[in-house]
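Nothing in this text is a laboratory measurement; each read-out follows from the coordinates by a stated rule. Everything numeric in this text was worked out from a predicted model, so none of it was measured. Cβ atoms come from the backbone with ideal geometry, glycine included; neighbour counts cover every protein chain shown.
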Amino acid sequence: MTGTVSTPSAGDGRHAAVLRGYARRGPKLVTYGILIVIIVLLGYSLAQLGLDFQRMVRGVSQITAFVDRAFPPDMETLPRLWSPAIATVQIALLGTLLGIALSLVLGALAAANLTPHWSVGFLLKTFFALTRAIPALIWALLFIAAVGLGALPGILALGVNSIGMLGKIFAEAFEEVDPGVIEAIRAAGGNPVQVVLQGVIPQAMPTLVSWSIFRLDINIRYSSILGIVGAGGIGWELQRASRMGDYPSAITVTLVIFVTVYLIELITDQLRRRVQ
Amino acid sequence: MKDGELRPVFVRIDAENRRQRIMFLVGLVVAVAIVWWSVEGTNFSLRAALAGIPNIVRFLWEDLLPPRLSAAGRYLMPAIETLYMSYVAAVVAAFVSIGFGILGASNLVRNPLVRYGSRAVVSFLRAVPDVVWGVLLVGAVGIGPVAGVISLTLGAIGMLGKNFADAFEDIDPGQVEAVRATGASAVQVFVQGVWPQFVPAFISWSFYRFDLNIRSAAIVGVVGGGGIGFALITNIRLFQYQSASMGILFIFGMIIVIEFLTARARDAILGRA
């Protein structure tokens, strides 16, 4: 019986496991049906995008030509990229800090157990969903229109975009705290601010810290691209090199972005592990 | 007597408290120093930020609002293009990532060089943001959805390649052994022992990525990658802010609807598989 698994003998536990594997796969016909639908949709989408065979062949030759021109990367640009890379990290740090500060206040106002009125909580949670759904790059475009070019619109964009995630998470963390503690502080005559600062935040601290670190990680990625539209950081160098057709420099910038994002990820990983 | 027994405990708690307080202070000083450094480096001034608030509010109320509802039609075709881009990128990346996933899984590939090589490529693709790929590809193949599709695909491989490799590593070796014990060939072991266990992860990650592609496509479009992001940036560049805010609402609505639909579709398929 070489190569056939279709006749397992009854009563063998391992064969029963094989049979369970089969059962989980479900009817084969449906699997093939789904696969065919996926492929037909793929062909249709490619046709709609104008990506026919000719365009693909042309694309491949375009990319080959690009790689030919872009490599080796221009290492002479490297020293010039140091300060934009640092600025990228700084923008991410300040944006995250702004996001944390705003999220603590708004999260407390949105949490069901702390909100002054349920409608305020509802409105804030809708606002969180909106800030989350609008990408950081688009926030940056809007803030540039409002306050001009530079690091400031970048920091504001990251701060507001962070509220979408942190505000929601913080509100949920606040909702999970022990109501007894809140009651105790209220009974002792504490005002709402004292309730939040001394009763709620200390209890939610582990959640607040680990999500804030996670958000810093995300913001580093975003701040590396915000410069593309003029909101500070290394993205501008990429956009400039690319616009000028200086592809070897563009590749160098890409490598610097990679190293920056990767290093910060290593550091935040360590921080998160330390906190837990 | 009792006092004498407790004293060492108190001393220890005291030392522990002092240590914690010192650690806290050190952490605080480091944090303040980092913030100070960032404020200096970016020329951030709280006063400028606060002074900007009236500008921001005026911009929001007078320029952005109300959204020009009649501009919604203008976004429909670009939105559909974004859907096509996200779909093509998700499907192509899902299939390519199966390869990277297999090569990166320690229980499937013995050769560490192959494994680390595969994982390194995927990590690189993941660490470089999609938009960066977008800028480079617009340089290579020109403005339009082709650049968008390729950069989304690269980003998606960065994510799916890692999660697929992890999913392959998480499968139950017992079931694989059971198939192997029947004398099946390597291909049969994979198809009948490994693959069925991988399918649920494959489906849920691929659907999730399609979802993320929609968000990502909206930004890749901004740098010239086609779709709704390109339509949006065009309006912003022309200072047509009320049309732009309509576009933002459109993206918002699209993301929410797609998120809902993909979750339903995924559950329906997984319930069956």
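Below, the figures for the structure above:
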| read-out | value |
| --- | --- |
| Karplus-derived 3J(HN,Hα), 6.51/-1.76/1.60, for each residue of the range B:149-154, Hz, glycine and proline x | 4, 5, 5, 5, 4, 4 |
| Over chain B: helical MRE at 222 nm, DSSP H runs n ≥ 4 each giving -39500 (n - 2.57), nearest 500 | -28000 deg cm²/dmol |
| Shape category assigned to the protein assembly as shown from the gyration tensor of Cα positions, a/c cut at 1.5 | oblate |
| Table column - 3J(HN,Hα) (Hz), the range A:42-48, Karplus curve with 6.51, -1.76, 1.60, x for Gly and Pro | 4, x, 4, 5, 4, 4, 5 |
| Cβ-derived FRET efficiency at R0 25 Å, B:VAL121 paired with A:PHE53, nearest 0.05 | 0.40 |
| Within chain A, helix-based [θ] at 222 nm, where runs of 4 or more DSSP H residues each add -39,500 (n - 2.57), nearest 500 | -26000 deg cm²/dmol |
| Cα gyration tensor shape of the range B:175-214, rounded if a/c is under 1.5, else prolate or oblate by comparing a/b with b/c | prolate |
| The range B:199-273: C-alpha gyration tensor shape, a/c 1.5 cut-off, then a/b vs b/c | prolate |
| Karplus-derived HN-Hα couplings along the range A:248-260 (A = 6.51, B = -1.76, C = 1.60, θ = phi - 60°), whole Hz, x at Gly and Pro | x, 5, 4, 5, 4, 4, 4, 5, 5, 4, 4, 5, 4 |
| Alpha-carbon centroids, the range A:185-253 and the range B:24-75: separation in whole Å | 12 |
| Spin-label model distance (nm) - B:VAL26 vs A:ARG272, 7 Å beyond Cα toward Cβ | 2.4 |
